[in-house]
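The values are calculated or read from the model by the stated rules, or taken from the named source; none is laboratory data. Note that the coordinates shown come from a computational prediction; the quantities given were computed from them, not determined experimentally. Neighbour counts run over all protein chains shown; Cβ positions are idealised from the backbone, glycine included.
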Amino acid sequence: MLRVLRVCLVLLGVSAVVIALSIFILGAQATAAMGERVFGWAAGGGGPAGEHWPATMDSELRFYAALWGAYGIVVLRTAWKLPQTLGQIPWLIGVFFAGGVGRILSHLSVGAPHPFFTALMVVELVLPVVMAGLWLGARREVR
């Protein structure tokens, strides 16, 4: 369980850092467009291209990209130091889950996003539950 949990953490941490760097350097719209294209290719269509993102949104998301990148670094650091850092896992997966809840709130208040972002929402709601199970198993393993 500990090894699988570590792999999940590394994948999450690396993804967060790569996405954060892309948003920070290329911009939010360019990063989203890449994700939408990959999703469309994988899904055999994937829906219409996303709409234009205003400058204010780009500015805001580049700001938050720094925080998302820092989150990724903390997740990677936690993965490297397992099992000593097992106590941090509930907080890290809780924050990730909260991001998925934020997407639900957005969907309910302003409408459905591109299917790529709906897929991200599903990952952000399901992966923390899976990781919580792995965390419980890893805690038993370490005792």
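Among residues that are surrounded by fewer than 17 Cβ atoms within 10 Å (Cβ to Cβ) and either within 24 Å of Arg139 (Cβ to Cβ) or of a type in the set (Gly, Ala, Ser) (or both), Ser59 is included. Within region 121-139, residues that are touching a residue at least 24 places away in the same chain (Cβ under 8 Å) and in a helix (DSSP H, G or I) sit with their Cβ atoms under 9 Å from residues that are charged (D, E, K, R) and surrounded by 14 or more Cβ atoms within 10 Å (Cβ to Cβ), at 6+ positions apart or across chains, in these pairs: Glu124/Arg103; Leu125/Arg103; Ala138/Arg6. When we screen Ser15, Ser22 for residues that are small (Gly, Ala, Ser), modelled with pLDDT of 95 or more and over 28 Å from Leu134 (Cα atoms), the only hit is Ser22.
For region 85-143, the tally of residues that are among the small types (Gly, Ala, Ser), within 15 Å of the chain's Cα centre (by Cα) and surrounded by 14 or more Cβ atoms within 10 Å (Cβ to Cβ) stands at 3. Pairs linking a residue in region 71-98 that is in a loop (DSSP other than H, G, I, E, B) to a residue that is surrounded by 15 or more Cβ atoms within 10 Å (Cβ to Cβ) and among the basic types (Lys, Arg), with Cβ atoms under 7 Å and 6 or more positions apart or on different chains, are Leu82/Arg6.
Could you tell me which residue of region 34-59 is nearest to the chain's Cα centre (by Cα), considering only residues that are closer than 15 Å to Phe117 by Cα and modelled with pLDDT of 90 or more? Selected residue: Gly35.
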